[in-house]
Amino acid sequence: MRSRESVVTVVVDGQYGSTGKGAVCGHLAYEDAAIGQKHVGVRVGGSQAGHTVVDTEGRAWPMRHVPVAFVNPDADLVIAAGSEIDLEVLRSEVEQLEAAGHSIQPRLFVDPQATWLEDSYKTDEANADLTARIGSTGKGVGAARAARVMRTAKLIQEAPEVPGSMLPTDSLLQVQLSRGAHVVIEGTQGYGLGLHAGHYPKCTSTDCRAVDFLAQAGISPWAEYIAGVQVVIVVRTHPIRVAGDSGPLKGETSWAELGLEPELTTVTRKVRRVGAWDPGLVARAVEANGGPGPDVVLAVTMADHLFRELHGVHGADLRAHAGLGEWIEKAVADCGADVVLVGTAPGVLTVWEPGAWL
């Protein structure tokens, strides 16, 4: 088993979002707690993406700012400089988590250089037009990023009553990595939504690769205090896109045709579009994130959408399923990366090959 000391793991999405990145990040946080490894969870990006994790009480938490690493009571929680912070959302998350018994503020660190996503970005005419034209979530993140580029946005250090401690988080991460911590960056959205991934203008306002999230966190992968960088690309068996005119989706079908309950987006609560497994898209995501290679791996979620009898099944029973084994073998060959985790229900993940460092 590979040591996690001074390792950065970047969890990214290999499709169009909503693949279960929160569950994978939560799995890593729980595993580090079990082995006594110092864990640091880092959130980048804006409030338009929700990452859901299940705590030890079985409660599901869709987080838009607080890193899902909060489920590990010893983890540091970092909101990095490359973030757009909706203060109302952040305060609400902290309040709800602390009311439920999770200690957040003493271990929450916010970079003063993050962008303050003010209410005006969510209500202006340009944002409304973007929602109509490309299926944007309408949460104002694109408008906030545009304002930052034009040097008109305010920094979060100018906002009142920001939860947690405000300090340069790149320095904090350097110190923790120098001490042997395992840093996990929660990448947002999905590779296929990237600004330069080939679907412009039906895309988001930034790229969504590991290298982009490392930059947003202020981490150089070549720094001497880092022992290694691993990328976990999370994919689901039936990729989705948000409702509306949000761009192409190969093999688009319907939830009814699949015999599945319709899914709603975490943030906007709209019915998601759903398509067929697209190995070509995932293969491009593998290449864009530095693969093929041993440090670029896949986590496959919602395997029970292919094999209904696998819902909630985990461990050896899951690995023994011949149909799933054949599907994964082909996916590995088609996409150029090994599968290390398989999910069959919210919060239910199995290490596909026992002994893998995940």
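The values are calculated or read from the model by the stated rules, or taken from the named source; none is laboratory data. Just so you know, these numbers come straight off a predicted model, no measurement behind them. All Cβ positions, glycine included, derive from the backbone under ideal geometry; neighbour counts span all protein chains shown. In case anyone asks, the SASA skips ligands and DNA or RNA and just uses the protein heavy atoms, side chains included. Shrake-Rupley method; radii C 1.70, N 1.55, O 1.52, S 1.80 Å.
A value for Kirkwood radius over Cα pairs in Å was derived from the coordinates, and within the list (1) 22.8; (2) 23.5; (3) 20.3 it appears as (3).
One Cα centroid belongs to the stretch 70-121, the other to the stretch 1-43; the line between them spans 18 Å.
Each DSSP beta bridge with both residues in the chain is either parallel or antiparallel, and the antiparallel ones are about 25%.
Chymotrypsin sites (Phe, Trp or Tyr not before Pro), restricted to the stretch 220-279: which are DSSP loop and have at most 12 other Cβ atoms within 10 Å? Here the sparse-neighbourhood loop sites are 222.
Sorting 342-353, 3-14 by average packing, meaning the other beta carbons within 10 Å per residue, from highest down gives 3-14, 342-353. Here each label is just a point 7 Å from Cα along the line to Cβ, and for residue 157 and residue 269 those points are 3.8 nm apart.
Sparsely packed loop sites in the stretch 29-124 (the GluC sites (Glu not before Pro) outside DSSP H, G, I, E and B with at most 12 other Cβ atoms within 10 Å) comprise 57. Measuring r between the beta carbons of residue 57 and residue 314 and using R0 = 25 Å, the FRET efficiency lands at 0.85. Average accessible surface for the chain: 41 Å² per residue, computed with a 1.4 Å probe over protein heavy atoms with every protein chain in place.
Once backbone amide H atoms are built at 1.01 Å from N, residue 301 has 235, 236, 237, 343 as its partners under 5 Å, excluding neighbours fewer than 5 places away on the same chain.
With the highest mean first, a sort of the peptides 107-114, 36-43, 325-332 on other beta-carbon atoms found within 10 angstrom per residue produces 36-43, 107-114, 325-332. Take the Cα of residue 179, step 7 Å toward its Cβ, do the same at residue 34, and the gap between the two points is 2.5 nm.
Loop-resident GluC sites (Glu not before Pro) (DSSP state other than H, G, I, E or B) in the stretch 135-237 with no more than 15 further Cβ atoms inside 10 Å of their Cβ: 161, 224. Listed peptides 18-26, 44-52 appear in the order 18-26, 44-52 once ranked by packing, highest mean of other Cβ atoms within 10 Å at the front. Taking only protein heavy atoms and a 1.4 Å probe, the accessible area of the chain is 52% carbon and sulfur. Working from label points 7 Å from Cα in the Cα-to-Cβ sense, the residue 195 to residue 257 distance is 3.4 nm.
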